[in-house]
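Only one structure is covered here, and it is reproduced in the block below.
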Number of protein chains: 2
Amino acid sequence: MMRRSFQVAARLGHRRALLRTPCILPGLDPAAAFGSSTDSLVSRFCPVKTDLKDYALPNASWCPDMLSLYQEFLEKTKSDGWVKLPSFKSNRDHIQGLKLPSGLVAASDKSDWRIFTRCIQVEGQGYEYVIFFHPFKKKSVCLFQPGPYLEGPPGFAHGGSLAAMMDETFSKTAYLAGEGLFTLNLNIRFKNLIPVGSLAVLNVQVEKIEDQKLYMSCITQSRDQETVYAKSSGVFLQWQLEEESSP
Amino acid sequence: MMRRSFQVAARLGHRRALLRTPCILPGLDPAAAFGSSTDSLVSRFCPVKTDLKDYALPNASWCPDMLSLYQEFLEKTKSDGWVKLPSFKSNRDHIQGLKLPSGLVAASDKSDWRIFTRCIQVEGQGYEYVIFFHPFKKKSVCLFQPGPYLEGPPGFAHGGSLAAMMDETFSKTAYLAGEGLFTLNLNIRFKNLIPVGSLAVLNVQVEKIEDQKLYMSCITQSRDQETVYAKSSGVFLQWQLEEESSP
């Protein structure tokens, strides 16, 4: 029963049909997306008071490089326009009170949903990361430390774990910078392997918004910028979430 | 101490320098890679007797679609040239007795290493998948069922979880079809979202081997092929692993 409703709900094809029409969906004007709406998206995304656990906080597993760069960016949140993004267990927490596009009915019969990049909750074993976002510059920096459960070649992070970290950083950036919601394209050129337990820094930049799409680039490198781990680009589709009506 | 050795070991840049030389590394002749060596790679990869747990076996969480397609492919292993690949906890188990390229010294001070796509061991919560490989046709089919810990948009698999599944299927295919070892490029066009708990089928094909690179394509779709979830391509660098010398 549940599975059938999944199948019906899964099609996003209809959005492509919508895009071919001359109709501009409400709230998707690029100027608006790059105007004050970014501030309101950020305000909603970063609640001052919440009972939800924020996983993007330092713990004992963080390596010295990660800790010190985190502190550096935390300083920049005070005066330089950077915002530290909280990271909850599920995107359900991030979009509380908002509706997904019609046709995408979220399944709700399982209690323990986790956003993929928070799938492993043992500190230091899986994903350790924190994302800082700059609303004005439309850029993000993600500090990423892969643990031993993210292994690919022995001792190094799986290429797929970096791909997922990129997709997640693109995703949060796209949403806050212009209501980008769905990944359309991800293109990664891998250059060097990331040692498990070390810090990789993802620098994401929104390059342009055109035809309801956000185009972003990312360079992932060591803290000293001497080693480039990967370069990538991502394209996201804009889609405005609506307020849920009160029960 | 460990971290420093990671940093020194992480550079793969030297392989690029090697590739620019006219020197052909032993065993990397494409004809050889596509000849009997594939059989020996498969034999080594699929040990008849092993104490290692194979995670690519049915369990109670598998949906009916996944179970029945698994049985279908299992039948094809008897007469149609398909091989069911075992899936161990770590790539360390898959390459037992082989050495990584010099400069890539595997860290070994942590006991619990897991290949990323086997990072969650609770049945049905994370990755459920099994890969079948056809040595002669140089193609693979991966049956993939994402669990609720792989969530992106509420109720659907994270784009990054599919990216990682593609990278892993490409990776095993590249290794067996022609000793492809390192992902150089991954390019994904997402079409539709995969509902959590449902089956997605990845069809991977080796397109060509040229200049020590394997070029592969992948189409991911529903079992009935009515819904295309994503199309992707991957490029892997060939690299021959050497036997470890006996202690």
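Just a few scattered comments:
- Taking amide H as placed 1.01 Å from N in the peptide plane, the amide H of B:R114 sits under 5 Å from that of A:Y149, A:L150, A:E151, each at least 5 places away or on another chain.
- R0 of 41 Å, Cβ-Cβ distance B:V228-A:V48: FRET efficiency to nearest 0.05: 0.45
- Here A:K89 is the anchor, and the aspartates and glutamates within straight C-alpha reach of less than 19 Å, apart from those fewer than 8 places off in the same chain, are A:D51, A:D54, A:D109, A:D112, A:E123, A:E128, A:D167, A:E168, B:E151.
- All lysines inside 20 Å of A:K76 as judged from Cα atoms, apart from same-chain residues fewer than 8 positions distant: A:K84, A:K137, A:K138, A:K139, A:K172
- Counting heavy atoms of the protein chains alone, A:V141 has an accessible area of about 10 Å² for a 1.4 Å probe.
- Peptide B:113-123 has a mean shielding of 6, counted as Cβ atoms of other protein chains within 10 Å of each residue's Cβ.
- For A:K49, inter-copy separations between label points set 7 Å beyond Cα along the Cβ vector come to 6.7 nm, shortest first.
- The same position A:E210 in the other copies lies at 2.8 nm from this copy, comparing label points 7 Å beyond Cα toward the beta-carbon, shortest first.
- Highest mean packing first, where packing is the average number of other Cβ atoms within 10 Å per residue, the peptides B:86-92, A:220-226 line up as B:86-92, A:220-226.
- Residue by residue along A:193-199, Cβ atoms of other protein chains within 10 Å of the local Cβ number 6 on average.
- Interface burial for B against A (accessible surface, 1.4 Å probe, total of both chains, Å², rounded to 100): 5300
- Anisotropy class assigned to the range B:93-247 is oblate, per the alpha carbon gyration tensor with a/c at or over the 1.5 cut-off and a/b no larger than b/c.
- About the centre of its Cα atoms, the range B:173-247 shows a dipole size close to 540 debye [charges on the beta carbon of Lys, Arg (+1) and Asp, Glu (-1) only; nearest 20 debye].
- Relative packing of peptides B:144-151, B:163-170 - highest average C-beta neighbours within 10 Å first: B:163-170, B:144-151
- Under 5 Å, built H, 5+ apart or other chain: amide partners of B:L184: B:V235, B:F236, B:L237
- Annotation note: GluC sites (Glu not before Pro) in the range A:41-140 located in DSSP loop regions with a Cβ neighbour count of at most 15 within 10 Å are A:E123.
- Each other copy holds its own label point for B:L67; taking that point as 7 Å from Cα along Cα to Cβ, the gaps run 5.0 nm, nearest first.
- q = 0.26 Å⁻¹: log10 I(q)/I(0) that the Debye formula gives for the range A:75-131, counting C-alpha atoms only: -1.11
- Measuring between their Cα centroids, the range A:210-247 and the range A:99-173 lie 12 Å from each other.
- Ranking by accessible area, most exposed first, for A:V122, B:V130 with a 1.4 Å probe: A:V122, B:V130
- Residues of the range B:153-181 buried by at least 30 Å² on assembly (accessible area, 1.4 Å probe, chain alone as reference): B:P154, B:G155, B:F156, B:H158, B:G160, B:D167
- Whether the range B:111-194 is rounded, prolate or oblate, judged on the alpha carbon gyration tensor where a/c under 1.5 counts as rounded: prolate
- Note on B:224-235: average number of Cβ atoms from other chains within 10 Å of each residue's Cβ is 2.
- The ratio of the alpha-carbon radius of gyration of the range B:160-247 to the globular-protein estimate 2.2 N^0.38 Å is 1.23.
The values are calculated or read from the model by the stated rules, or taken from the named source; none is laboratory data. All figures in this text were calculated on a predicted structure; none of them were measured in a lab. A quick note on method: Cβ atoms are made from the backbone with ideal geometry, for glycine too, and the neighbour counts reach across all protein chains shown. Ligands, DNA and RNA are excluded from the accessible area calculation, which covers all protein heavy atoms including side chains. Shrake-Rupley method; radii C 1.70, N 1.55, O 1.52, S 1.80 Å.
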